[in-house]
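Structure record follows, encoded as structure tokens.
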Amino acid sequence: SINNIFMRFYGVSSLAIDWLSMSYMLTYIPLLFPIAWLLDKRGLRIIALTGSALNAVGAWVKLGSLKPHLFPVTVLGQVICSLSQVFILGMPSHIASVWFGSHEVSTACSIAVFGNQLGIAVGFLVPPVLVPNVEDVEELAYHISIMFFMTAGVATALFILVVIVFKEKPLHPPSRAQALILSRPTEEYSYVQSILRLLRNANFLLLMVTYGLNAGCFYALSYRMVIQLYPGEEVNAGRIGLTIILSGMVGALISGIWLDRTKTYKQTTLVVYIMSLVGMIAYTFTLSLGHLWVVFVTAGVLGFFMTGYLPLGFEFAAELTYPESEGTSSGLLNVSAQIFGIAFTISQGQIMDHFSTKAGNLFLCSFLFLGTVMTAFIKADLRRQQANL
């Protein structure tokens, strides 16, 4: 939300700042499989500890980059933080299955996704407030240092909390489906064979592509376009990003509760996908009208459905792929999201630079339409529900 300020402070291009975001996507792709294997072999606690530790280390490294010529140090800190995300992103559906019964598993997953989005929301709200758009480099470095110190302090506190609070699993399995997995002899399970079974599951492959298209469009949403169309509105650009995330957190919670009540995975996923497309179209055509309040409204609708889709994808994947590990299935969904996210972020940036912001957003709309059509072809093979029954 303040990429223009960082471009000026470090004297780098908008693409260089975009790579601070895309580094998260890039590191995820090659590291998913070893970390999903580690999750299977060593369990949730070691994953949570490593992820939170790396996040704290990366945050402290960034404090060494408070001079305009030290941009590579910020990149290093960002890459370390991006490594932590590989550990954390696949955890929501796994935590939900290990700790919660069949009547609350989707709600638990949506709350975990809610927590992840809460951090992103703070990331939109706080930087424009802490780092004003001032000309003096020394003053700018001072404001950036405050933001970096706060981030490092919070990340360290979270690591300490994980050390003290986080437990591996409950004493007794919370559902019949989880009990059946735990009763399976260890020697019967092969991680490589599990991956191959997932990649032969046609319904899961369709979901993987459609999830990637939706989440990739979400990652590619650029708040640079708000600043371009509304010069000097950096704070409001951050607030628009915050609006998308906050409304999305509500959408994620509602979709999780709805799934636990109705078990209508296919129907709910399709409706939310259609509404994501509608929201994106509305956002595209109202962005340039000159009324910021309209942008806030359409951004809120877009976020409600687009972020609300994330836990739906995790839970639908867990149903389609049971008894395979939820960490692996959600990890593959996230790999798809990172690949499409990188492609869409670069492509949309180029389209915006050479044509217009509206053309960049229409580019995303076309892929959301494709994802909607593909979602209609997924069959609701709810294997985990059958195991619980």
All positions within segment 127-153 that are in contact (Cβ under 8 Å) with a residue 60 or more places away in the chain, in a helix (DSSP H, G or I) and of a type in the set (A, V, I, L, M): VAL129, VAL137, LEU140, ALA141, ILE144, ALA152
Test: residue in segment 196-204 that is within 20 Å of VAL113 (Cα to Cα), open to solvent by 30 Å² or more (accessible area, probe 1.4 Å), of a type in the set (D, E, K, R) and at pLDDT 75 or above: no
Qualifying positions in segment 264-282 - under 12 Å from ALA299 (Cα atoms) and open to solvent by 20 Å² or more (accessible area, probe 1.4 Å): VAL278, ILE281, ALA282
Which listed residue, of LEU38, LEU54, LEU49, LEU26, is crowded, with 18+ Cβ neighbours inside 10 Å and under 21 Å from THR328 (Cβ atoms): LEU54
Residues satisfying the stated conditions in segment 258-282, i.e. in contact (Cβ under 8 Å) with a residue 60 or more places away in the chain, within 20 Å of the chain's Cα centre (by Cα) and farther than 14 Å from SER110 by Cα: LEU270, TYR273, ILE274, SER276, LEU277, MET280
Considering residues of segment 284-331 that are open to solvent by 10 Å² or more (accessible area, probe 1.4 Å) and either of a type in the set (A, V, I, L, M) or touching a Lys or Arg at 6+ places or on another chain (Cβ under 6 Å) (or both) only, the residue farthest from SER82 (Cα to Cα): LEU289
Qualifying helices (runs of 4 or more DSSP H) (wholly inside segment 324-389; at least 1 residues being modelled with pLDDT of 80 or more): 326-354, 357-375
Members of segment 57-99 that are closer than 24 Å to ILE5 by Cα, touching a residue at least 24 places away in the same chain (Cβ under 8 Å), open to solvent by 40 Å² or more (accessible area, probe 1.4 Å) and not in a loop (DSSP other than H, G, I, E, B): TRP60, VAL75, VAL79
Criterion: more than 28 Å from LYS266 (Cβ to Cβ) and open to solvent by 10 Å² or more (accessible area, probe 1.4 Å) - qualifying residue of GLN386, GLN350: GLN350
Tally of residues being in contact with a Leu (Cβ under 8 Å, 6 or more places away or on another chain) and either under 17 Å from LEU15 (Cβ atoms) or not β-branched (Val, Ile, Thr) (or both) across segment 347-381: 16
Complete set of residues in segment 100-110 that are closer than 14 Å to LEU312 by Cα and either touching a Gly at 6+ places or on another chain (Cβ under 7 Å) or open to solvent by less than 20 Å² (accessible area, probe 1.4 Å) (or both): VAL105, SER106, THR107, ALA108, CYS109, SER110
Counted residues, segment 111-127 - those being at pLDDT below 80 and touching a Gly at 6+ places or on another chain (Cβ under 9 Å): 8
Some residue of segment 245-261 being within 18 Å of ALA121 (Cβ to Cβ), of a type in the set (Ser, Thr, Tyr) and at pLDDT 80 or above: yes
Residues within segment 108-144 that are of a type in the set (Ser, Thr, Tyr) and within 26 Å of the chain's Cα centre (by Cα), tallied: 1
Residue count for segment 185-195, restricted to those that are surrounded by 11 or more Cβ atoms within 10 Å (Cβ to Cβ) and either modelled with pLDDT of 85 or more or within 19 Å of ALA387 (Cα to Cα) (or both): 2
Odd one out for ALA237, checked against (1) part of a helix (DSSP H, G or I); (2) crowded, with 18+ Cβ neighbours inside 10 Å; (3) out of contact with any Lys or Arg (no Cβ under 9 Å at 6 or more places or on another chain); (4) modelled with pLDDT under 80: (3)
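The values are calculated or read from the model by the stated rules, or taken from the named source; none is laboratory data. Source: prediction; values computed, not measured. Using ideal geometry, Cβ is built from the backbone for each residue, glycine included, and neighbour counts are taken over all protein chains shown. Note: accessible area is taken over every heavy atom of the protein model, side chains too, but ligands, DNA and RNA are not part of it. Shrake-Rupley method; radii C 1.70, N 1.55, O 1.52, S 1.80 Å.
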